[in-house]
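Below: one structure, written as structure tokens.
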Amino acid sequence: MSDEVLIVGGGFAGLAAGVALAEAGWLVRLLEQRRHLGGRTRSFRDPTTGSVVDNGQHILMGCYHATIRFLTTIGTLERIHFQPRLAVPFLDRGGRLTRLECLDWPSPWHLLLGVLRSGSFSWKEKVQVLRLGRALRSAKENTDRAAGESVAMWLSRLGQSASLQRNFWNLLCLAAMNEDPQIASARLFERVLRLALFTSPADSRLGIARVGFSECYTTAAAAYIESHGGRVETGRGVRQMLIADGVCRGVELSDGQKLEPAPVISAVPWQQLASLLPCDLPRGEPFFATALALRPAPIISINLWFNVPITELEFAGLRGTTIQWLFNKSRILGTNDNYVSLVLSGAHEHVSRSKQELLATALQELGELLPGVRRAKLLHSLVIKERFATFSPSPEAQPMRPSARTPVRGLILAGDWTATGLPATIEGAVQSGYTAAREVLEAS
Ligand SMILES: Cc1cc2nc3c(=O)[nH]c(=O)nc-3n(C[C@H](O)[C@H](O)[C@H](O)COP(=O)(O)OP(=O)(O)OC[C@H]3O[C@@H](n4cnc5c(N)ncnc54)[C@H](O)[C@@H]3O)c2cc1C
């Protein structure tokens with residue numbers, strides 16, 4: 001008979017752990033409190049327009065090796081379209097359009113030559129980017145010096161001007177780290193840049209789902225687990241972990257049912273884990289007390305439907321505006337609903353603004369970026385605030401992130417917030433799921 005493992009949480013981390021353990025011959029029982037899988041990467045149908053809407057636009061990169069492996073295992077990788085080479089359009093106020101396109105050269109020249117040829121930078125800025133590229137290639141840069149620094153401090157130290165930071169690096173930092181460069185950890189950003197931009201042209205490519213994101217993984221992952229004898233149960237909330245004498249023996253569900261004895265992988269965010277642990281545990285155990293003190297960072301998505309198409313671009317980085325990225329959902333999903341989604345990451349100072357206010361700002365700025373918008377009629381809008389989108393990746397947060405192995409025997413942690421060495425991303429979540437699965441295998 002196979003061994004049983006309980007997994008709490010049906011986002012990327014829990015499903016990746018479940019698929020890995022099912023593949024290894026374990027009987028997986030995955031419990032998700034909501035009626036649907038997908039956690040913070042999910043899609044739904046907008047009742048007014050019928051369009052498929054993501055809770056926020058999600059982008060993958062070629063360097064998401066664990067995610068690519070996961071999607072390959074469950075058979076859905078072809079639902080993501082990867083660019084042949086990194087290409088990013090930028091829109092400025094006034095409608096000026098420029099592009100950064102990487103070349104098919106070995107790293108770092110694919111990027112550096114792309115920057116040199118791009119109209120997105122002045123010559124002075126191009127020299128500054130080259131300087132940063134040179135610093136990144138020197139092993140010395142990845143030293144204690146960057147450990148306590150914010151991204152903004154680090155960029156300034158490496159001679160990146162205020163306008164280059166505002167119009168380029170800050171957009172990348174917000175997209176990759178979901179945090180203001182004044183707050184985000186330089187060391188983590190540096191690692192992201194090395195992995196995403198300075199490893200190979202293939203790793204630098206962006207990948208965008210051609211369907212709602214739930215369709216990229218939730219049903220297929222559940223089917224994979226079930227086809228290996230496991231169970232994926234939605235609408236099954238866990239009330240608490242059954243922990244006594246330093247050992248986790250199972251879980252108690254919201255309806256009082258107890259599932260034991262089995263190792264438990266917690267694949268829920270830290271704020272939710274806090275309520276599942278016996279209250280004396282975080283108080284007495286610094287491992288949990290430290291991890292549960294992480295702080296959140298919000299993302300706002302402003303979804304707009306017009307009567308006519310407002311751009312031919314598939315997506316664009318937006319320069320000089322509060323809104324940071326535009327995604328032309330109709331173009332991406334191949335629909336004719338004239339639907340675009342705007343993203344505002346690291347949105348601490350905007351999350352308490354009313355949806356009407358956010359909408360007004362977005363429309364005014366969009367009109368400045370794409371003057372044609374002023375003649376278009378807005379038919380429908382949907383503002384989504386994800387207050388707990390990710391943890392805030394400040395320098396202080398990095399040592400607080402816990403390992404998969406905990407001081408409680410039989411309790412293993414997964415989730416994008418654990419110590420993956422990456423910001424809170426799909427790739428971090430999948431890697432954490434794989435790490436948790438390995439812990440279960442090793443412990444057995
Ligand atoms: C708007 C937005 C945009 C983003 N954009 C990107 C992007 O472009 N690229 C990228 O790589 N990443 C992006 N991210 C981050 C990415 O979504 C997350 O890193 C990833 O989804 C985290 O997965 P997870 O499995 O760790 O956690 P989650 O997805 O949060 O999954 C946890 C699951 O646990 C369940 N749960 C909680 N408590 C219980 C309980 N008591 N019992 C049972 N189940 C429970 C929850 O319902 C949830 O389904 C974005 C996030 C947001 C919110």
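Laboratory data are not the source of any read-out in this text; all were calculated from the coordinates shown. Note that the structure is a prediction, hence the values are computed from the model and not measured. Positions of Cβ are generated from backbone atoms using ideal geometry, with glycine treated the same way; all protein chains shown enter the neighbour counts.
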TODO: Taking H placed 1.01 Å from N in the peptide plane, check which residues at least 5 places from Phe315 or on another chain put their amide H under 5 Å from its amide H.
DONE: Asn328
- [ ] Among Thr219, Thr390, Thr335, determine the one that fluctuates most according to a GNM of the chain built with springs between C-alpha atoms less than 10 Å apart.
- [x] Thr335
Task: Selected from Cys248, Ala289, Gly235, residue furthest toward positive end of dipole (segment 228-292; charges at beta carbon) - done: Gly235
Task: Exposure proxy ranking, count of Cβ atoms within 10 Å, fewest first, for Asp180, Asp92 - done: Asp92, Asp180
Task: Lys, Arg +1 and Asp, Glu -1 on Cβ, resulting dipole of segment 296-391 about Cα centre, debye, nearest 20 - done: 160 debye
Task: For Asn303, residues with placed amide H under 5 Å, excluding near neighbours - done: Leu342, Leu382, Val383, Ile384
Task: Residue-by-residue Karplus 3J(HN,Hα) for segment 251-268, coefficients 6.51, -1.76, 1.60, Hz, glycine and proline x - done: 9, 10, 7, 4, 8, x, 5, 9, 10, 7, x, 6, x, 10, 9, 8, 10, 10
TODO: Please report how many Lys pairs in the chain have alpha carbons closer than 21 angstrom, counting only residues at least 8 apart along the chain or sitting on separate chains.
DONE: 5
TODO: Using a Gaussian network model of the chain whose springs link C-alpha atoms within less than 10 Å, name the residue from Gln160, Gln128, Gln364 with the highest mean-square fluctuation.
DONE: Gln364
- [ ] Could you size up the charge dipole of segment 84-204 around its Cα centre, putting +1 on the beta carbon of Lys and Arg and -1 on that of Asp and Glu, and report it in debye to the nearest 20?
- [x] 360 debye
Open item on the list: Sort Phe168, Phe287 by Cβ crowding within 10 Å, fewest neighbours at the top.
Closed with: Phe287, Phe168
- [ ] Using a 10 angstrom cutoff on alpha carbons, build the Gaussian network for the chain and name the most mobile of Glu23, Glu125, Glu349.
- [x] Glu349
Open item on the list: Using helices alone, I'd like the mean residue ellipticity at 222 nm for the chain: each DSSP H run of four-plus residues gives -39500 (n - 2.57), total over residue count, nearest 500.
Closed with: -9500 deg cm²/dmol
TODO: Kindly provide log₁₀ I(q)/I(0) values, in the same order as q = 0.17 Å⁻¹, from the Debye equation applied to equal alpha-carbon scatterers of segment 84-204.
DONE: -0.85
Open item on the list: Could you give each residue of segment 367-373 its phi-based ³J(HN,Hα) in whole Hz, using Karplus coefficients 6.51, -1.76, 1.60 with θ = phi - 60°, and x for Gly or Pro?
Closed with: x, 6, 7, 10, x, x, 4
Task: Estimated dipole of the chain in Debye, rounded to 20 [Cβ of Lys and Arg +1, of Asp and Glu -1, Cα centre] - done: 1160 debye
Task: Order of Lys329, Lys126 under a 10 Å beta carbon neighbour criterion, fewest first - done: Lys126, Lys329
